[in-house]
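Visitor: For reference, the structure I am asking about is given below.
Only the coordinates and a few stated rules stand behind these numbers; no lab work does. These numbers come from a predicted model, not from an experiment.
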Amino acid sequence: ILEEFSLEVLLKFSQVSSSQMILDGSTQNIGIQLFKGIDSKLVFKVQDGNAVVSVTSNTKLKENRPYFVFVTTRDDDIILYLNGVKEGSMSLDALSLSSLTLPQAVVLGKSEQGEYFSGSIKEIKLFDRGFTPEEILEIEDRWSASYPLNLDPVEPILVESSVADNQVSLDWSIGSDVTTVSVLRGTDAYPVSVLDQEAVSVAVTNLTSFT
């Protein structure tokens, strides 16, 4: 019988274009599931045979980026953390936790509907107790120190150019995990996005997003 439980997962997606089951520990509508939805957000679902409670991340998942996922129950809530940051929570009042047990069998990377996980899983742990935010951050810090791929975001790369002409060209190399590039003009004290300047035209190649 579970009065409290927690789930710890360290994983990385090789592609995020479809729904993907990460962990399925449910039988006859009783148990837990962790999956990536079609909107690229992480979802944890728990059901007791009658009711279902799910919590969804605010962050959209990216390809080739490690994620430290931690789900825990605390104060009658289920809470989802991503890389040590609280992403969402939902009340468990609608569920009967006394009907839940740790799953006897857990299916990794596949759902009955054929939703396959695309990526790599470093570790999965199930606990029969809740964790505090401080404990979760301590675990995340240990992973950051020992895992070769850093869980924390990297510092932005700054590229500057000063010219007298009315055209400027900036060239740089970016990694596959970069999602946003900002192009600013002005002084250090007053940088302004080029998109705020009506007279400025911007040509961008090989980027999906920029400001």
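Visitor: State the Kirkwood hydrodynamic radius of region 1-126 in Å, one decimal place, computed from all pairs of distinct Cα atoms.
Guide: On the way: mean 1/r = 0.0690 Å⁻¹.
Across region 1-126, the inverse of the average 1/r is 14.5 Å.
Visitor: Provide the gained length on full extension for the span D128 to Q28, in nm with one decimal, where the gain is 0.36 nm per separating residue minus the Cα-Cα distance. Can you show the working numbers first?
Guide: Values: separation 100, 0.36 × 100 = 36.00 nm, distance 2.09 nm.
Fully extending the segment from D128 to Q28 adds 33.9 nm.
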